[in-house]
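Working notes, beginning with the structure itself.
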Amino acid sequence: MRSDKGRKIIVLAALLLLVITAVCAWCPWVGRSYAADRTTAHFRLEWKDTADGCGFDCPDCGVKQTRRTMFGTKVSVAYQCGQLPSEPASADNRTKTYFVSFLGTVHE
């Protein structure tokens, strides 16, 4: 049988773990603009050394939506790959969704 002091320590440790998990799940430090900036930087880094790669230099491209989720934020981006079309009214943008975790890391 454990002593009352041992039980209190276990209960306090469990409560502390629960609070830390709840704060990480909410992650108020990963705001919409931070997540969008991290995703944009990650995307550009992916295509940095690729000739004729993908980018946001097209009509209606860039961050389209940010949505908070458990332990981070989902960011949807629109982009185009290859040469820019001669007519700027092209609507064949590709989309991709990234996840910015509570640690600030970006994942596809």
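The values are calculated or read from the model by the stated rules, or taken from the named source; none is laboratory data. Remember, it's a predicted structure, so these values are computed and weren't measured experimentally. Here Cβ is always computed from backbone atoms with ideal geometry, including for glycine, and neighbour counts include all displayed protein chains. Just so you know, the surface numbers come from the protein's heavy atoms only, side chains and all, with ligands and any DNA or RNA stripped out. Shrake-Rupley method; radii C 1.70, N 1.55, O 1.52, S 1.80 Å.
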Q. Among all residue pairs at least 6 apart or on different chains, which show Cβ distances below 6 Å where the first residue, located in the stretch 59-83, is over 19 Å from Ser33 (Cβ atoms) and in contact (Cβ under 8 Å) with a residue 40 or more places away in the chain and the second is open to solvent by less than 20 Å² (accessible area, probe 1.4 Å) and not acidic (Asp, Glu)?
A. Met70/Ala25
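Which residue out of Ala35, Ala89 is aliphatic (A, V, I, L, M), at pLDDT 95 or above and not in a strand (DSSP E or B)?
Details: Ala89 fails: at pLDDT 95 or above.
Only one candidate passes the filter, namely Ala35.
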Q: Would you be able to tell me the number of residues in the stretch 38-76 that are open to solvent by 60 Å² or more (accessible area, probe 1.4 Å), of a type outside the set (A, V, I, L, M, F, W, C), outside any loop (DSSP other than H, G, I, E, B) and over 14 Å from Gly104 (Cα atoms)?
A: 5
Q | In the stretch 1-28, the residues that are surrounded by 11 or more Cβ atoms within 10 Å (Cβ to Cβ) and either in contact (Cβ under 8 Å) with a residue 12 or more places away in the chain or of a type in the set (Gly, Ala, Ser) (or both) | A | Cys24, Ala25, Cys27
